[in-house]
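J.: Take this structure, written in C-alpha cells, and hold onto it; I'll ask about it next.
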Amino acid sequence: MEHFTVQFLPDHRTIRIHSGATLFETAGQADIVLVSPCGGKGTCRKCRVRLEPSGEEALACQFQVTEDLTVTIPRASRYYRPQILVHGREKKITADPCWKKVNLPRPPASVDELRNVLSSVVGELVFIPPSFSFTSGDDAAATTAVLHFTCHNQSQGWEMVCLEKSNHRHLYGAAVDIGTTTVVLHLADLQTGKTLATVSTANPQHQHGDDVISRIYFASEPQGQDWMQRTIMDCLNEMLRQAADEAKIKTEQIYELVAVGNTTMNHLLMKFPVAQLGQSPYLPHTTQAYDVAAQSVGLTLHPKGNLHTVQNIAGFVGSDTVAGAVAAEMSTEQQTTLLVDIGTNSELVLCHQGRFYTASCAAGPALEGAKIRYGSRARDGAIQRVVIDGPDADIDIDVIGDGTAHSICGSALIDALAVLVQLGIIDSTGRFVEKEKLTGKLSPTLLNRVIEYEGQPGFVLADGQNPVLLTQADVRQLQLAKAAIRAGIRILKKTAGIKNSQIEKLLLAGAFGNYIQKTSALRIGLLPQVPVERIHFIGNAAGGGALEILLNRTIRANCQTLARRMEYVELASRPDFQDIFADSLMF
C-alpha cells in the first residue's frame, strides 16, 4: 500500500499516512481535532478544510488521501480549543482571570489613597494586606498595582499583592496537567486568553514506578516524599522556562500556575501525606483546592506568583477529572454522556439525568507503550496505525517520522489487537490460535507473520533487520488494561441503571485518545457498543480544562460545585467487580 505526505496549515504539521485514509483520520494523527457532530457521516459539513493551492473545499471525514497534499484547516472546523472573548466578540469562554493590573495616574501618597484609587477602578473594595507598609521608597514611585482575586473561606474579592514601577500591563499564566506518564503545560496571555506556548515531557517521577501505587510506596517515607516533590517542581520549572523562551517572555512575568492531576500527583506536588492512598479505604489527605505562594514550593514564577491546585474528588479521582468535565461542559450537559479519559489511571464520568457518577480505573501504562516488548510513546519510528490491506492480502502500517518502524505506540496497539481479533489469529480469550489451525484461513503472507518468539507466539507487525512484534505476553498486558477500563464503564452504567443504547454521547480524552481508531476500540471491547457517530474526540481535556480555570474566575469558582456533584464509585470494593473484570478480559 502506498503512503503519502500531508501537511496541515497553519499548524505546519506533516504526517505520513497510508493511501485511502481520510483527512479527518490524518488530522487526528497530527494531533489536530476536527468538529464532527455527525460522527463522520458527512451530513453536518462542519469538518470543512481547504485543499491547497487550489483552495477547493472538502469534507475531511469523506476526503481520502491518494496523493501528497497541503491542507488548510479553518478555525471553525477545529473541535475543542478554548474560545475567548476578544475585542467584544462573543465566544464561549470569556477571558476574566484572577489577576489584574491597574495603572496608577500618579504615585499615591498613602495606603488610604491607594485603596481608594484601586477600589474606584475595580468597582469594589480592594483589600490591602496589613503587612503592606507604604513608604516613600520604591513603592511610592510605583505606577502599577497588581491585584489577585482570592477566595478565603466564605469571602472573596480583589487583593493587592504588590506594586510595580513598570507600567507594562502584561499578565501571563500557565496551566499544567500532571499525568502519571506525561506532563503538559500551556502558557497563556491572561489579558487576551491566547495560548502562547505548549510544552510536554515525560513525568520524571517514573524513575520510582510507572504506576501510582509504586510512587505512593516510595513517597511514604520522608526522603521519598521530598524527592518526589523536588523532582516534579524541577520539571515544572524547566517547562516554564521552555514555554517562556518560546513566547519570548521571562518566567518572572508569569503570575500563576494552575495545576491539575490525579489525586496522587496532586498530593506529591503539594507534599501531602500519601501512604493512606495506598491502603483501603484509599482516603485522600484533602480534596480541597489550594492557593499557595509559588516561591514557597520552589516554583520560578513572579515573586508574588501563585500556585492554584484544583479540587480532587476522591482517593483515585483527582482534579484532572474535574478539569476534564469542565472542558467537556458536562455541568450543563442535557444528554446522557460518558467521558473516558484514557491513561495510566483512566478516569470515567457518566452524566445521566442531572447526576454525575465517576470512577478511576487502574489501567496501567500498557496502552501508553510500557510493559510491551516493542512498545513506546508516540515518537519517530513508532507504528501509529495498523490496518488490513485487503481481505486476503496483508496488513499495512503507518509510522511516525521516516517510515522505518522501531516500536509501536498506544493507538497502534489497539489497532493491532483489533486486527488480530478480526482475522481470528487470537481467540476470544486472547490466546494465539495454533498456526496449523490458521492454515487455509489466512493468506500466506499473513500466515508467515505468525511466529514463535522467545518461547511464545507472536505476530510480526514490521519485518526487516529489526522486526517489531506483538507477543502473547503483550496481548495479556493489553487485555488487563482494556478490561480495567471496560469494567469501570460497566459498573458506572449499572450504578446509573442505564444500557449502552442510552449513551447519547461518548467523549474520548487523554494523551492519545485522539489517535485511537473508533472501530478498533469497539472491536476489542475497550468501549461499550454504541454507534460510531456518538463517539467524539476531545483531546487533552484535563489540560484544556485547566486552561479554562486559569483564564476565567467564574469557571474556577464553579469547580467546587461541580466536584461536589460527583458521586464517586469505588470499583475495587464492589462485590461484583472481580466477575465483571474477568468477563471484560474477553474479546
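J.: Any residue at all in the stretch 184-198 that's in contact with a Cys (Cβ under 9 Å, 6 or more places away or on another chain) and either polar (S, T, N, Q) or at pLDDT 90 or above (or both)?
T.: Filtering the stretch 184-198 down to residues in contact with a Cys (Cβ under 9 Å, 6 or more places away or on another chain) leaves 190.
Going one step further and asking which of them are either polar (S, T, N, Q) or at pLDDT 90 or above (or both), we end up with 190.
Scanning the stretch 184-198 turns up at least one residue that is in contact with a Cys (Cβ under 9 Å, 6 or more places away or on another chain) and either polar (S, T, N, Q) or at pLDDT 90 or above (or both).
J.: Identify, from the list F63, F24, the residue that is closer than 24 Å to G544 by Cα and aromatic (F, W, Y).
T.: On the way: F63 fails: closer than 24 Å to G544 by Cα.
Of the residues listed, the single one that is closer than 24 Å to G544 by Cα and aromatic (F, W, Y) is F24.
J.: So, A293, is that one buried (at least 21 other Cβ atoms within 10 Å of the Cβ), under 30 Å from H170 (Cβ atoms), out of contact with any Phe, Trp or Tyr (no Cβ under 8 Å at 6 or more places or on another chain) and small (G, A, S) or not?
T.: On the way: buried (at least 21 other Cβ atoms within 10 Å of the Cβ): no; under 30 Å from H170 (Cβ atoms): yes; out of contact with any Phe, Trp or Tyr (no Cβ under 8 Å at 6 or more places or on another chain): yes; small (G, A, S): yes.
Criteria not met by A293.
J.: Moving to a separate point now. So K248 clears everything in (1) over 24 Å from the mean Cα position of the chain (by Cα); (2) buried (at least 24 other Cβ atoms within 10 Å of the Cβ) except one condition, right? Which one?
T.: (2)
J.: Take the residues in the stretch 1-25 that are touching a Phe, Trp or Tyr at 6+ places or on another chain (Cβ under 9 Å) and within 16 Å of P74 (Cβ to Cβ); name whichever of them is modelled with the highest pLDDT.
T.: Going through the qualifying residues, I end up with L23.
J.: Among the residues of the stretch 226-250, write down those that are in a helix (DSSP H, G or I), more than 23 Å from K271 (Cα to Cα) and either of a type in the set (V, I, T) or in contact with a Lys or Arg (Cβ under 7 Å, 6 or more places away or on another chain) (or both).
T.: Residue satisfying the conditions is A244 alone.
J.: Among the residues of the stretch 550-574, count how many are of a type outside the set (K, R), within 24 Å of H352 (Cα to Cα) and not in a loop (DSSP other than H, G, I, E, B).
T.: Keep residues of the stretch 550-574 that are of a type outside the set (K, R), which gives 550-552, 554-555, 557-563, 566-573.
Still in the list and also within 24 Å of H352 (Cα to Cα): 555, 557-563, 566-573.
If we keep only those that are not in a loop (DSSP other than H, G, I, E, B) as well, we get 555, 557-563, 566-568.
Number satisfying all stated conditions: 11.
J.: Spot the failing condition for D112; the list is (1) at pLDDT 80 or above; (2) of a type outside the set (S, T, Y); (3) in contact with a helix residue (DSSP H, G or I) (Cβ under 7 Å, 6 or more places away or on another chain); (4) not assigned by TED's automatic domain parsing to the domain that holds L257, and only one is missed.
T.: It is condition (3) that D112 fails.
J.: Now for a separate question. Against the condition assigned to a strand (DSSP E or B), of a type in the set (G, A, S) and either modelled with pLDDT of 90 or more or closer than 22 Å to A95 by Cα (or both), how does G157 come out, does it pass?
T.: yes
J.: Here is a follow-up. Restricting to the stretch 380-409, count the residues that are within 29 Å of F316 (Cα to Cα) and assigned to a loop (DSSP other than H, G, I, E, B).
T.: Of the residues in the stretch 380-409, the ones within 29 Å of F316 (Cα to Cα) are 408-409.
Restricting the remaining residues to those that are assigned to a loop (DSSP other than H, G, I, E, B) gives 409.
So the count comes out to 1.
J.: I've got another one for you. Pairs only if they're at least six apart or on different chains, beta carbon under 6 angstrom, first in the stretch 536-553 and among the charged types (D, E, K, R), second not in a loop (DSSP other than H, G, I, E, B); list them, first residue then second.
T.: Hits for this filter: E548/I93; E548/V326; E548/I555; R553/D96; R553/F149.
Each row is one residue, and each column tells you yes or no for (1) among the basic types (K, R); (2) part of a loop (DSSP other than H, G, I, E, B); (3) out of contact with any Pro (no Cβ under 9 Å at 6 or more places or on another chain); (4) over 19 Å from A487 (Cβ atoms).
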position: L508; (1), (2), (3), (4): no, no, yes, no
position: A521; (1), (2), (3), (4): no, no, yes, no
position: P528; (1), (2), (3), (4): no, yes, yes, no
position: G539; (1), (2), (3), (4): no, yes, yes, yes
position: G543; (1), (2), (3), (4): no, no, yes, yes
position: E548; (1), (2), (3), (4): no, no, no, yes
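J.: Further question on the same structure: Out of L547, L571, which single residue is modelled with pLDDT of 90 or more, in contact with a helix residue (DSSP H, G or I) (Cβ under 7 Å, 6 or more places away or on another chain) and not β-branched (V, I, T)? Talk me through it step by step, then tell me what you get.
T.: Working: L547 fails: in contact with a helix residue (DSSP H, G or I) (Cβ under 7 Å, 6 or more places away or on another chain).
Going through L547, L571 in turn, the sole match is L571.
J.: Still on this model: What number of residues within the stretch 402-428 satisfy the criterion of being in contact with a helix residue (DSSP H, G or I) (Cβ under 9 Å, 6 or more places away or on another chain) and either surrounded by fewer than 16 Cβ atoms within 10 Å (Cβ to Cβ) or in the same structural domain as T519 (by TED's automatic domain parsing) (or both)?
T.: Our first condition is that a residue be in contact with a helix residue (DSSP H, G or I) (Cβ under 9 Å, 6 or more places away or on another chain); within the stretch 402-428, this holds for 408-428.
Remaining after also requiring either surrounded by fewer than 16 Cβ atoms within 10 Å (Cβ to Cβ) or in the same structural domain as T519 (by TED's automatic domain parsing) (or both): 422, 424, 427-428.
Result for the stretch 402-428: 4.
J.: Any residue at all in the stretch 297-314 that's within 20 Å of R215 (Cβ to Cβ) and of a type in the set (K, R)?
T.: no
J.: Are any residues in the stretch 37-74 at pLDDT below 85 and among the charged types (D, E, K, R), and if so, which ones?
T.: Within the stretch 37-74, K41, R45, K46 meet the criteria.
The values are calculated or read from the model by the stated rules, or taken from the named source; none is laboratory data. Since the model is a prediction, treat every value here as computed from it, not as a measurement. Positions of Cβ are generated from backbone atoms using ideal geometry, with glycine treated the same way; all protein chains shown enter the neighbour counts.
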